[in-house]
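Down below is the structure, laid out as structure tokens.
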Amino acid sequence: MNCLQSWPEPIVRVQSLSDSGIHVLPDRYIRHPSDRPSFTSISTHANIPVIDLHSLLAARDAGLRQATLDRISGACREWGFFQVVNHGVRPELMKSIRQLWRDFFHLPLEAKQVYANSPTTYEGYGSRLGVEKGAKLDWSDYFFLNYLPESVRDENKWPTTPESCRELVNEYSKAVVKLCGILMKILSVNLGLEEDYLQNAFGGDDIGACLRVNYYPKCPQPDLTLGISPHSDPGGMTILLPDDDVSGLQVRKGEHWVTVEPIPDALIVNLGDQIQVISNAIYKSVEHRVIVNSIKERVSLAYFYNPRGDLLIEPAKKLVSKDRPASYSAMTFDQYRLFIRKSGLWGKSQVESLKCSQ
Ligand code: OGA
Ligand code: NI
């Protein structure tokens, strides 16, 4: 039996709940007190590094280039998260695609329901991850679509309204995939691997790329719930285009949650579990979550750059030694993703479960 064919309960759109004007959250969205936003202390004094890619993409100054590589290396080791500016994705394109998706979520419910998704592929308009009956739910709706490999791209599943949707998604995807290719080289070199190592380990030209647009409606009791549960991203690398106006993303730093304050025209980069595995845990895919608020809705676009599904992902031989034995056993991304699609997001439990017991 394929337990991923349908949702275990009728889907409730979080946006409908928010629009209905309720003052009290339904039980399904209320977290255990220890999981609520205010339980763990919030650190306001730290922020994830902001890195200017100009010296890598345009300038010819070798010293500056090395300094930028070093800053990225530090950010990958210490945070697993950083913001980039001068990254080559046009700010006007970022603005238009974010507005486009905001407009999509503002369409009447019936127009969006046409794209309602199922847990088989998750493509389309969704409101939950995981099929566990009775699970706690996140305060968000989303739209999920595949861009690469081309064999799984199905533009018929992408919205036709707003009118420019398909065209803009293609243009934005191309720009983000290009940026990811550049970052993969930088990370490889920083790890002491050949420049193409990570890209090849991911399948060369056959990598996966998919977009999840998150919509976080206003919430009447934001202290009791979360927009997205704590998780690390299962794939390779994520490029997040945050809301230009509302913060909400929090990154774990030890016992604290650090709120990311987006800066204008920046993109947020974070490493996923597959890079943690290939780097033999030199780089970490860091846990993050999203908090919501009662005043403003929030829209974000998370672009996931992933290995081809059927390749075994394992620590790079060069990063395994007597002193640093392989921390993970090999697994394909397809196997890994299936696990997450069944069980939903559970902090770092997936990548931890791959750990070799030694
Ligand atoms: C995600 C995610 C963060 C955000 O979609 O995996 O972590 O700020 N999103 O929406
Ligand atoms: Ni994430």
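Tallying residues that are touching a Gly at 6+ places or on another chain (Cβ under 8 Å) and not acidic (Asp, Glu) within region 260-275 yields 5.
Against the condition more than 15 Å from ligand 2 (Cβ to nearest atom) and in a helix (DSSP H, G or I), how does ASP223 come out, does it pass?
Numbers: more than 15 Å from ligand 2 (Cβ to nearest atom): yes; in a helix (DSSP H, G or I): yes.
The answer is yes for ASP223.
Of all residue pairs spaced 6 or more apart or on separate chains, none has beta-carbon atoms under 8 Å together with a first member in region 138-159 that is on the phi > 0 side of the Ramachandran plot and a second member that is buried (at least 23 other Cβ atoms within 10 Å of the Cβ) and assigned to a loop (DSSP other than H, G, I, E, B). Of all residues in region 58-69, those that are open to solvent by 70 Å² or more (accessible area, probe 1.4 Å) and touching a residue at least 24 places away in the same chain (Cβ under 8 Å) total 0. Listed by position, the helices (runs of 4 or more DSSP H) enclosed by region 42-140 that each have at least 1 residues that are touching a strand residue (DSSP E or B) at 6+ places or on another chain (Cβ under 8 Å) and at pLDDT 95 or above are 62-78, 91-105, 109-113.
The one condition from (1) open to solvent by less than 30 Å² (accessible area, probe 1.4 Å); (2) more than 8 Å from ligand 1 (Cβ to nearest atom); (3) touching a His at 6+ places or on another chain (Cβ under 9 Å); (4) closer than 27 Å to GLN335 by Cβ that HIS231 does not meet is (2).
Scanning region 248-259 for residues that are more than 28 Å from ILE313 (Cβ to Cβ), in a loop (DSSP other than H, G, I, E, B) and more than 10 Å from ligand 1 (Cβ to nearest atom) turns up just one, GLU255.
Candidates are the residues of region 21-41 that are touching a helix residue (DSSP H, G or I) at 6+ places or on another chain (Cβ under 7 Å) and of a type in the set (A, V, I, L, M, F, W, C); the one that is modelled with the lowest pLDDT is PHE39. May I ask you to list the residues in region 274-306 that are among the small types (Gly, Ala, Ser) and either within 15 Å of ligand 1 (Cβ to nearest atom) or under 11 Å from the mean Cα position of the chain (by Cα) (or both)? Within region 274-306, SER285, SER300, ALA302 qualify. Of all the criteria given as (1) away from ligand 1 (no atom under 11 Å from the Cβ); (2) surrounded by fewer than 23 Cβ atoms within 10 Å (Cβ to Cβ), the one not satisfied by PRO262 is (1). Taking VAL177, is it closer than 24 Å to SER279 by Cα and open to solvent by 10 Å² or more (accessible area, probe 1.4 Å)? Yes, satisfied.
So, of the residues in region 307-346 that are under 24 Å from ILE268 (Cα atoms) and more than 16 Å from ligand 1 (Cβ to nearest atom), which turns out to be least open to solvent (accessible area, probe 1.4 Å)? Looking at the filtered set, the residue picked out is PRO307. Answer with yes or no whether ARG212 is touching a residue at least 12 places away in the same chain (Cβ under 8 Å), in a strand (DSSP E or B), closer than 17 Å to LEU100 by Cβ and open to solvent by 10 Å² or more (accessible area, probe 1.4 Å). It is true that ARG212 is touching a residue at least 12 places away in the same chain (Cβ under 8 Å), in a strand (DSSP E or B), closer than 17 Å to LEU100 by Cβ and open to solvent by 10 Å² or more (accessible area, probe 1.4 Å). Looking at ASP205, ASP223, ASP245, which one is more than 9 Å from ligand 1 (Cβ to nearest atom), modelled with pLDDT of 95 or more, open to solvent by 10 Å² or more (accessible area, probe 1.4 Å) and not hydrophobic (A, V, I, L, M, F, W, C)? Checking each option against the conditions leaves just ASP223.
The values are calculated or read from the model by the stated rules, or taken from the named source; none is laboratory data. Being a predicted model, the structure only gives us computed values, none of them experimental. Cβ sites come from the backbone with ideal geometry, for glycine too, and all protein chains shown count toward neighbours. Each accessible area value is taken on the protein alone, full model and side chains, heavy atoms only, with ligands, DNA and RNA left out. Shrake-Rupley method; radii C 1.70, N 1.55, O 1.52, S 1.80 Å.
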